[in-house]
């Protein structure tokens, strides 16, 4: 392999491996090179993501968005913002827990970067092809909950602590439907490795199990704390949530981690439900088609950014939900129906495992549609009942229940005031 | 390579530290944390024996997972008890919870 | 490899000692997380990536957070200046130390400490490639571990319901008090 083929097929690491031979220092150096490349890429693309988000939201709200710094499109706006954050003084507030306060921003960026280790960008572009990659991602993302708690506690500020409590409640509860909905593609692919899942998708799993895809998407929204689940940083209620005491680049690191993990969730969705680096149309029309590295990475990023665009779209259009709505929606709607979905998919896939892809797709798709219709029917009946209650008593049921039963214990007073004081958005 | 005895020694040390914590701390939450340490020590033992004696069969890992399950259940119930006691007695110091003596 | 092992176990043990000796409970919980992380690294050294990930998910992601929540809910006690230890700390130190000596002696009787003597190397790495598949099969086949597996799930359910009932404030009693 000469340099030209290596460049054309994007297999530079293999080329370096050939060039340097098999001395004991080669593999660690190559690992280091790939780690530095991927993490630098993730950190730098955030600059672009922030610009994209501001621009797209501005367009959706009929504004222009950033348009001064760096030419007509404001391309350098985020660079200027980052420079501003970097030049600010790094302070630790008096009374803050020094270790926890300073550890949290670093740890949260670290967990956001660690998840990329198992992401297949292209057929041979992957850090480690773990056979438990999905599980690894879930366990790393559960560590990021700890960071929020560290930040909230370490700041020694009641708003930060309240924000951290909310964040932990939200992240821990939405982890459950996320894990359960990820079990479905794992069952279909018979593998937990992301490469294995990509290779198993003759058709994208979003076509086979759309309900699982939607549930995963909703819980990914909640896990990254984006609208409509951004009540962990609801400005009007708890100032800014767990990072209210942070300034300068320490605040910037929370921001960074949020964007990196959002991009990661989009790419995870693209890999697990949309086939990742595989070009499905090409494979359908030409059975001998295989995706090369260059095509693979292009397709991967096109899919990822399509998913990411929907994230931005949702942010621009949805109102924030209340905390009781968030928890009720999770525990009373998402979790039970995801359990039903997992059971049905497991049984059905056992029955149709030996049939062709057409039968399998049709079976799963129809069962998914049936489950979705039944679940939506239940949700609709419940919504109608709640609306009736609201019309009769002039107040939503969730707000009224604590009033009828009296306060639920001395520990929950702050929480009660929050839910009472806040205007109730439209019920779905 | 690392001999099996190293893992066993580390595990024994962790177990004894946890044991000391359970016996010597006053705060019930701290005692619970020490219990978690001892359970971790047990798990190190299980996984080390599995790796060195019978890596072809998943039995060692399976038992480690059962220990993990029990640890999770124990933490949940234990902390719920501690919070309930704190509501009643305004204290989580184990020595002061002596109402059954009288 | 041996150096790595020594570093990891030193971190684990030192932070475990700090867990049982530090006065600030929140810091103790942080050290406990570090200790759990060290144990996860030990699992990774033992080529059990699955156990390492489970350790992260369950111990750091769930149990530590529960413990921190409990610390925060009972936090008025953290400002106490009295000793974190009770009156029997000397005795319990002696008991733990002698237990350690006892276990250590027994271990060293059977498994020598010196890598050269012990024939220390574990069985070949290739033997442990497919643990997760094997685990899945073992947990669901009737002649293997299906009964303990189901019992564990029942145990978790019981613990879930039980801890909710124990920790929930008594709403109805309070309403009666007020009326």
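Using the eigenvalues of the Cα gyration tensor, what equivalent ellipsoid semi-axes result for chain A when each is taken as the square root of five times the eigenvalue, whole Å, largest first? Display every interim value, and only then the final one.
Working: eigenvalues 282, 196, 78 Å².
Values for chain A, descending: 38, 31, 20 Å.
With just the Cα atoms defining each centre, how far is segment A:21-89 from segment A:241-273? Give it in Å.
13 Å
Calculate how large, on average over all directions, the projected area of the Cα convex hull of segment B:1-100 is; give the answer in nm² to one decimal. Intermediate results must be reported in sequence, preceding the final value.
Values: hull surface 28.8 nm².
It is 7.2 nm².
How much length is gained on full extension from residue A:317 to residue A:80, taking 0.36 nm per residue of separation minus their Cα-Cα distance?
Working: separation 237, 0.36 × 237 = 85.32 nm, distance 2.75 nm.
Difference between extended and current length: 82.6 nm.
Can you quote the Å³ per residue value for the convex hull of the Cα atoms in segment A:199-284, rounded to an integer?
Details: hull volume 8.9 nm³, N = 86.
Dividing the Cα hull volume of segment A:199-284 by its residues yields 103 Å³.
Where does chain B land at 222 nm, in deg cm²/dmol rounded to the nearest 500, when only DSSP H runs of n ≥ 4 count, each adding -39500 (n - 2.57), divided by all residues? Kindly include the intermediate steps, with their values, before the conclusion.
Numbers: 3 runs with 78 residues, N = 102.
Mean residue ellipticity at 222 nm (helix-derived): -27000 deg cm²/dmol.
What full-extension length gain, to one decimal in nm, is calculated for residue A:290 and residue A:34 as 0.36 nm per residue of separation minus the Cα-Cα distance? Walk me through the numbers on the way to the answer.
Working: separation 256, 0.36 × 256 = 92.16 nm, distance 2.42 nm.
Length difference between fully extended and current span is 89.7 nm.
Roughly speaking, what is the stretch gain from residue A:327 to residue A:7, that is 0.36 nm per residue apart minus the C-alpha to C-alpha distance, in nm to one decimal?
Length difference between fully extended and current span is 110.2 nm.
Evaluate the Debye formula for segment B:41-102 with equal point scatterers sitting on the alpha carbons, no solvent, and hand back log10 of I(q)/I(0) at q = 0.22, 0.23, 0.25 Å⁻¹, in q order, two decimals.
At q = 0.22, 0.23, 0.25 Å⁻¹ the computed log10 ratios are -0.84, -0.88, -0.96.
Averaged over its residues, how many other protein chain Cβ atoms are within 10 Å of peptide A:134-146's Cβ atoms?
What the average comes to for A:134-146 is 5.
Run the numbers on chain A and let me know its relative contact order in percent, using alpha-carbon pairs under 8 Å that are six or more apart. Mind showing how you got there, number by number?
On the way: 521 pairs, mean separation 74.1, N = 428.
Once divided by the residue count of chain A, the mean separation gives 17 percent.
Cβ neighbours within 10 Å, averaged per peptide: list A:348-357, A:202-211 in order, most packed at the top.
Numbers: A:348-357: 12.0, A:202-211: 20.1.
Averaged packing, sorted descending, gives the order A:202-211, A:348-357.
How big is the Kirkwood radius of segment A:1-158, worked out from every pair of different alpha carbons and given in Å to one decimal? Don't jump to the answer; show the numbers that get you there.
Details: mean 1/r = 0.0513 Å⁻¹.
It is 19.5 Å.
Values in this text are rule-based calculations from the coordinates and carry no lab data. Keep in mind it's a predicted model, so treat the numbers as computed, not measured. Don't worry about glycine lacking a Cβ; one is built from the backbone with ideal geometry, like all the others, and counts go over all protein chains shown.
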